[in-house]
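Written below as structure tokens is the structure these notes are about.
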Amino acid sequence: MQTVITKRELQVPVDVLIRLADVLLEKDITNSITGTDEEDGYITIEVEYEKEQREAIHEAEDIISDYHENDEEDEDED
């Protein structure tokens with residue numbers, strides 16, 4: 001059976017980069033930095049993963065999503 005590799009780009013806020021990197025390293029997700037946005041504080045990371053690793057990608061996306069939700073709440077308080 002052929003292994004299917006999925007590629008996806010993640011826009012990772014610098015503030016959560018270490019947490020996200022821990023998830024990718026722990027689950028042995030192949031990744032590379034493909035871009036930066038210094039003005040908005042993001043790093044673009046391309047990840048390659050197999051079906052069995054999808055849960056780790058969902059965890060990474062949750063980290064990013066939680067950051068955005070918390071950031072929006074902080075803006076509302078201002």
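Please compute the Kirkwood hydrodynamic radius over the chain, one decimal place, Å, based on all pairs of different Cα atoms.
On the way: mean 1/r = 0.0751 Å⁻¹.
Result for the chain, one decimal place: 13.3 Å.
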Seminar exercise, completed: Any residue on another chain or 5+ positions along whose placed amide H is under 5 Å from the amide H of Thr30 is listed here as Glu48
Exercise. Hey, what do the phi angles of segment 14-26 turn into as Karplus ³J(HN,Hα) couplings, whole Hz, using 6.51/-1.76/1.60 and θ = phi - 60°, x for Gly and Pro?
Worked result: 4, 5, 10, 4, 5, 4, 5, 4, 4, 5, 5, 5, 4
Seminar exercise, completed: Final fewest-first order of Val14, Val4 on the 10 Å Cβ neighbour count is Val4, Val14
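Take the Cβ-Cβ distance between Glu38 and Glu61 as r, set R0 to 22 Å, and report the resulting FRET efficiency rounded to the nearest 0.05.
Values: r = 23 Å, r/R0 = 1.03.
E(calc), rounded to 0.05, equals 0.45.
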Seminar exercise, completed: Note: Ile18 to Val4 extended length (0.36 nm per residue) minus current alpha-carbon separation gives 2.3 nm
For this session: List every residue whose amide H lies under 5 Å from the amide H of Val12, counting only residues 5 or more places away in sequence or on a different chain, with H placed 1.01 Å from N in the peptide plane.
Result: Ile43, Thr44, Ile45
Seminar exercise, completed: In whole Hz, the Karplus estimates of ³J(HN,Hα) for segment 51-56 (6.51, -1.76, 1.60; θ = phi - 60°; x where Gly or Pro) are 3, 5, 9, 4, 4, 5
For this session: For segment 61-70, just list the computed ³J(HN,Hα) in residue order, Karplus coefficients 6.51, -1.76 and 1.60, θ = phi - 60°, integers in Hz, with x standing in for Gly and Pro.
Result: 5, 5, 4, 5, 4, 4, 4, 5, 5, 5
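Which FRET efficiency value, to the nearest 0.05, is calculated for Glu73 and Lys27 with the Förster distance at 25 angstrom and r the Cβ-Cβ distance? Please list the in-between numbers first.
Values: r = 29 Å, r/R0 = 1.15.
With a Förster radius of 25 Å, E is 0.30.
A short reminder: the numbers here are calculations on the coordinates, not readings from a lab. These numbers come from a predicted model, not from an experiment. Here Cβ is always computed from backbone atoms with ideal geometry, including for glycine, and neighbour counts include all displayed protein chains.
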